[in-house]
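Okay, structure first, notes after.
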Amino acid sequence: MKVAFTSDNIAGASDSVFNAMMDASQGDAMPYGNDDMTAEVTSILSELFECDVDVFLVSTGTAANVLSISAMTPPWGSVLCHTESHLLNDESTAPEFYTGGARFVGIGGADAKMDPTLLKKVVTQKVGDVHSCQASAVSISQVTEVGSVYSLAEIRVITDIAKEAGLSVHMDGARFANALLSLGCTPAEMTWKAGVDIVSFGATKNGTMASEAIVVFNRSLSKELGFRRKRGGHLHSKMRLLSSQMKAYLTDDLWRKNAAHANAMMVLLQEGLASIPSVKINTPAQANMLFCTLPEGMADHLLAEGFAFYGGRWEEGVVRLVTSFRTPKEGVEAFVECARQFDASL
Ligand SMILES: *Cc1c(COP(=O)(O)O)cnc(C)c1O
């Protein structure tokens, strides 16, 4: 059995999500989010996060990120994110577009986590200097772009630096559920209790078709976000179709079950690959994404055997493997076995 580890967004949508959309497509409902289902999603998320939140549903993760951040920074501000972040590398110039030209500054750090010392240096530089862009927001990715996960203490260190300098904090939670299960904490602990003002609560990679929630804890940012979402073309008139996806995603713990499966498949994959002498694990996967270095010829062999994944974008031999809520166990086993056989032939 062949399987693709290209990304978690190659998987479709969970059945209950799709069925919920079908149900929501029947009959009439008020447009632009003035429907019952959208209100319900807000109360479900308020309960989940153990506080009153404002929720803005959008249909892509990029929109969730850049809209959130646009409410946190003036055009003369700078937004600090990791050098390897999705914001800096995978969202074209949407960050500049939505913020009206704010500057996005990369901060280095091991395992795609921001180095607090470097961050501190940047936020304290040239404060109030009219000639220099003014640091105004920090964005961290949880799960990070290399598959690591910030611990609660690590998040706190970053948010403390931000708060001390008067900056807002955004969390790119495209893989929120995968990170949460990895840490085994509550959604509140990983976000507002750790100093996060807004989270992009990702769902598309973990079971919805196209529905992501901007969840706002610092509600002073909400009014502006409402206008910005409309201006940015993300106020869906048939909002209930997005809400129905999110509601189904949050019903009966589907979101946790889906992420638990993806993470479990990664444990299996990582353990298998780690036991193969010629394979090097680069960053240990803490959730559902793994970067490893394969010996010469192994990637081509696996691809020729029908497996799929990204490679050739990083250093020689480096590949990225991502498991999803639908990755079949037999597929993981077949992949490891295929790699093992190649290793034995070296
Ligand atoms: C996938 C992803 C997003 C959202 O991407 P879209 O393609 O716009 O949905 C945002 N951040 C990270 C870290 C991602 O992996």
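Each reported figure results from applying straightforward, stated rules to the coordinates on display, with no laboratory input. Quick caveat, the model's predicted, so the values are computed rather than measured. Don't worry about glycine lacking a Cβ; one is built from the backbone with ideal geometry, like all the others, and counts go over all protein chains shown.
Quick notes
- Count Lys and Arg as plus one, Asp and Glu as minus one, and take only other residues whose Cβ is under 12 Å from that of residue 187; the net charge is then -1.
- All other residues whose Cβ lies under 11 angstrom from that of residue 65 are scored, Lys and Arg at +1 and Asp and Glu at -1, for a net of -4.
- Distance in nm between pseudo-label sites at residue 39 and residue 218 (7 Å out along the Cβ direction from Cα): 3.0 nm
- Candidate aspartates and glutamates - alpha carbon under 13 Å from residue 163, same-chain residues fewer than 8 apart omitted: 197
- Simple Cβ-charge dipole of segment 14-252, Lys/Arg +1 and Asp/Glu -1, about Cα centre, in debye nearest 20: 640 debye
- Principal axis extents of the C-alpha atoms in the chain (largest first, rounded to whole Å): 61, 57, 32.
- DSSP-defined beta bridges in the chain - what % are antiparallel, rounded to 5: 50 percent
- The distance separating the Cα centre of segment 138-189 from that of segment 293-313 comes to 32 Å.
- Using θ = phi - 60° in the Karplus curve 6.51 cos²θ - 1.76 cosθ + 1.60, the 3J(HN,Hα) couplings for segment 246-261 round to 5, 5, 5, 4, 8, 8, 6, 6, 3, 4, 6, 4, 4, 5, 4, 5 Hz; x is entered for Gly and Pro.
- Environment charge of residue 260, counting only residues whose C-beta is closer than 14 Å and scoring Lys/Arg +1, Asp/Glu -1: +2
- Residue pairs exceeding 18 angstrom between C-alpha atoms, taken from 205/230; 205/247; 2/329: 205/230.
- Among the listed pairs 113/223; 120/257; 120/193; 121/193, those with a Cα-Cα distance over 28 Å are 113/223; 120/257.
- Dipole of segment 255-344, positive direction: furthest Cα of 270, 285, 259, with charges on the beta-carbon: 259
- Computed Kirkwood radius, in angstrom, where 1/r is averaged over Cα pairs of segment 77-155: 13.1 Å
- The chain - mean residue ellipticity at 222 nm from DSSP helices (-39,500 (n - 2.57) per run, n ≥ 4, rounded to 500): -12000 deg cm²/dmol
- Cut-off under 5 Å, modelled amide H: who pairs with residue 307 long-range: none
- Relative contact order (%) - segment 255-344, alpha-carbon pairs under 8 angstrom, separation at least six: 36 percent
- Once the chain from residue 330 to residue 186 is taken as fully extended at 0.36 nm per residue, the excess over their C-alpha distance is 48.7 nm.
- Cα-Cα separations in segment 239-324 greater than 18 Å, expressed as whole percent: 53 percent
- Put a dot 7 Å past the Cα of residue 346, heading toward its Cβ, do the same for residue 227, and the two dots end up 5.9 nm apart.
- Averaging the sequence gap over all C-alpha pairs within less than 8 Å and six or more residues apart, then dividing by the number of residues, gives the chain a relative contact order of 25 percent.
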